[in-house]
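The values are calculated or read from the model by the stated rules, or taken from the named source; none is laboratory data. None of these values were measured; they are calculated from a predicted model. Cβ placement follows ideal geometry from the backbone for every residue including glycine, while neighbour counts extend to all protein chains displayed.
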Amino acid sequence: MNEKACVERIHVLDGGLARVEDGSIYSPGVNVGVPMTLSCNAYLIRHRAQWLLWDSGTQDDLVAAGGGRIIAHGIRGIVVRTMASQLAELGVAPDDIGTIAFSHAHYDHMGNSRLFRRAKWVAQKAERDAMFGPDPEQFGYLPELYAAMQDNPVQIVEGDHDLFGDGAVRMVFTPGHTLGHCSLLVRLPGTGPVLLSGDVAHNRANLDHRRVPAFNADKAASVASMDKVEALLKEEGAAIWINHDTVQSGTLPHAPAWIS
């Protein structure tokens, strides 16, 4: 295995916005009563003449809702640019996506999974078990958004997993936010290694101070995963892209641009 293999490029896709009236939902005791707007991104990765999609953003049909809609945990989901339109701008059809994987199954990460009916789904076992278990709603999941994924070809993995077998893209098991939450380590030829952190922390301050949202599935596991992430960043010399950090997201070129 070539440990230094790299992907060709990554496109940062606009996966909508999440708005809350009380920011302390993400950091108990901090930002109490402060309204917050969070970025939501998805990531289209080109490797070995194949497309991999990491997360799928907030469901496209919300684009017709204007100011969005309260979806889960009191969070308002808003869509300005649909996932379908961004892919079309890149000349990529949903059926061109060969592999799809998700940090976790909340609406803003799995909202458009129904578009990708032919993709092989690389699924973390603990997350998939919760999604299709007896009470997915207890985790804030909306089964109608992902029910069709049961018909996709699936590869079930447990723990860390090398998606292509060459070290270029590695799923990193970071449970706590949900039972099967994952992050993604991507090696880029110019930028170097980047960790797409999912919701292991919702912004840099929460990561630095080990703040755990009130609705996380497991507080202790959340802190352990933050520790794991920071150790991995040091080991790999990697940058971290925090999915919901609106300030950082604004510094990244979004599709149709790309990062290599």
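Please go through segment 198-214 and give me each residue that is more than 17 Å from the chain's Cα centre (by Cα), in contact (Cβ under 8 Å) with a residue 40 or more places away in the chain and assigned to a loop (DSSP other than H, G, I, E, B), ordered by number.
The answer is 211, 212, 214.
Can you go through 163, 195, 184, 188 and tell me which one is of a type in the set (A, V, I, L, M), crowded, with 18+ Cβ neighbours inside 10 Å, more than 25 Å from residue 70 (Cβ to Cβ) and more than 16 Å from the chain's Cα centre (by Cα)?
Details: 163 fails: more than 16 Å from the chain's Cα centre (by Cα); 195 fails: more than 16 Å from the chain's Cα centre (by Cα); 184 fails: more than 16 Å from the chain's Cα centre (by Cα).
Result: 188 is the single residue among 163, 195, 184, 188 that is of a type in the set (A, V, I, L, M), crowded, with 18+ Cβ neighbours inside 10 Å, more than 25 Å from residue 70 (Cβ to Cβ) and more than 16 Å from the chain's Cα centre (by Cα).
Kindly establish whether residue 90 is touching a strand residue (DSSP E or B) at 6+ places or on another chain (Cβ under 9 Å) and over 27 Å from residue 187 (Cβ atoms).
Numbers: touching a strand residue (DSSP E or B) at 6+ places or on another chain (Cβ under 9 Å): yes; over 27 Å from residue 187 (Cβ atoms): no.
No; evaluated as a whole, the condition is false for this residue.
Condition first: buried (at least 16 other Cβ atoms within 10 Å of the Cβ), aliphatic (A, V, I, L, M) and over 16 Å from residue 12 (Cα atoms). Now tell me which residues in segment 58-94 satisfy that.
Correct list: 62, 63, 71, 72, 75, 78.
Which members of segment 154-180 meet the condition of being closer than 17 Å to residue 238 by Cα and either at pLDDT below 95 or aliphatic (A, V, I, L, M) (or both)?
Residues satisfying the conditions are 168, 169, 171, 172.
Give just the number: which of (1) among the charged types (D, E, K, R); (2) under 19 Å from residue 105 (Cβ atoms); (3) surrounded by fewer than 17 Cβ atoms within 10 Å (Cβ to Cβ) does residue 21 not satisfy?
(2)
Would you confirm whether or not segment 138-149 contains a residue that is modelled with pLDDT under 95 and either touching an Asp or Glu at 6+ places or on another chain (Cβ under 8 Å) or more than 26 Å from residue 84 (Cα to Cα) (or both)?
The answer is yes, given that some residue of segment 138-149 is modelled with pLDDT under 95 and either touching an Asp or Glu at 6+ places or on another chain (Cβ under 8 Å) or more than 26 Å from residue 84 (Cα to Cα) (or both).
Which one is farthest from the chain's Cα centre (by Cα) among residues in segment 217-237 that are surrounded by fewer than 18 Cβ atoms within 10 Å (Cβ to Cβ) and not in a helix (DSSP H, G or I)?
The qualifying residue farthest from the chain's Cα centre (by Cα) is 237.
Residue check: is residue 139 farther than 23 Å from residue 194 by Cα, touching a residue at least 60 places away in the same chain (Cβ under 8 Å) and in contact with a helix residue (DSSP H, G or I) (Cβ under 8 Å, 6 or more places away or on another chain)? Show your work before the answer.
Values: farther than 23 Å from residue 194 by Cα: yes; touching a residue at least 60 places away in the same chain (Cβ under 8 Å): yes; in contact with a helix residue (DSSP H, G or I) (Cβ under 8 Å, 6 or more places away or on another chain): yes.
Yes.
For segment 133-156, enumerate the residues that are outside any helix (DSSP H, G or I) and either touching a strand residue (DSSP E or B) at 6+ places or on another chain (Cβ under 6 Å) or surrounded by fewer than 17 Cβ atoms within 10 Å (Cβ to Cβ) (or both).
We begin by selecting, within segment 133-156, every residue outside any helix (DSSP H, G or I); these are 133-135, 140-142, 152-156.
133, 134, 135, 140, 152, 153, 154, 155, 156 - these are the residues of segment 133-156 that are outside any helix (DSSP H, G or I) and either touching a strand residue (DSSP E or B) at 6+ places or on another chain (Cβ under 6 Å) or surrounded by fewer than 17 Cβ atoms within 10 Å (Cβ to Cβ) (or both).
Here is a list of conditions, (1) surrounded by fewer than 16 Cβ atoms within 10 Å (Cβ to Cβ); (2) among the small types (Gly, Ala, Ser); (3) in a helix (DSSP H, G or I), and residue 130 meets all of them except one; can you say which number that is?
(1)
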